[in-house]
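Participant: One structure, as structure tokens, below. Some questions next.
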Amino acid sequence: YNATTKKWGPNSYLSLLTAPEYNAGNSGTSKTIDWNNGLKQRLTATGNCAVTFTAPPFDATLRLTIIADGTLRTFTWASGIQFPGSGSTGIAPSLMTTSGRYVTLSWYYVAALGIYRPLGYVANGQNT
């Protein structure tokens, strides 16, 4: 990450390991995750939410952590965002209902294709 230009460099894997986590705030009912703000982001689920992404300008490994607010929430995902599992888009993980629990999702963004390939997710985590 270049603090002067506020841009992420081409070595996104190293950036993912060393970059701070960007707080994308609350989800509401519609949220755009702008990956130019950071390759690691967190979001608190506060409503049933339609999620879109603003792509980084290069291939990148990305991580999004969604923190539960204590209510069952449903997220829908824009086209091009894929998950592990069967089918062309896979199966998105379920969100937890216990406040403070989280799911962390990871993708590899392929800039030339404009798609987010799934790397996996961890569900039912607990903030400590």
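The values are calculated or read from the model by the stated rules, or taken from the named source; none is laboratory data. Since the model is a prediction, treat every value here as computed from it, not as a measurement. No Cβ is skipped: glycine too gets one built from the backbone with ideal geometry, and neighbour counts run over all protein chains shown. Surface areas here come from the heavy atoms of the whole protein model, side chains and all, with no ligands, DNA or RNA. Shrake-Rupley method; radii C 1.70, N 1.55, O 1.52, S 1.80 Å.
Participant: With a 1.4 Å probe and all protein chains left in place, how much accessible area per residue does segment 48-125 have, in Å²?
Facilitator: Details: 3710 Å² over 78 residues.
Accessible area per residue: 48 Å².
Participant: Check residue 44: other-chain or 5+ apart residues with amide H under 5 Å from its amide H, H built from backbone geometry?
Facilitator: Distant-sequence amide H within range of residue 44: 25, 26, 27, 67.
Participant: Please list 3J(HN,Hα) in residue order for segment 29-41, calculated via the Karplus relation 6.51 cos²θ - 1.76 cosθ + 1.60 where θ = phi - 60°; whole Hz, with x for glycine and proline.
Facilitator: 9, 8, 9, 9, 8, 9, 5, 6, 7, x, 7, 10, 9
Participant: Quick check: pseudo-label points 7 Å beyond the Cα along Cα→Cβ at residue 88 and residue 119, how many nm apart are they?
Facilitator: Result: 2.6 nm between the two label points.
Participant: Another question about this same structure. Whole-Hz Karplus ³J(HN,Hα) for segment 75-80, in order, using 6.51 cos²θ - 1.76 cosθ + 1.60 and θ = phi - 60°, x for Gly and Pro?
Facilitator: 10, 10, 10, 5, 4, x
Participant: Amide H of residue 34 versus every other amide H placed in the peptide plane: which residues, excluding those fewer than 5 positions away on the same chain, fall under 5 Å?
Facilitator: For residue 34, whose amide H was placed from the backbone, the distant partners under 5 Å are 54.
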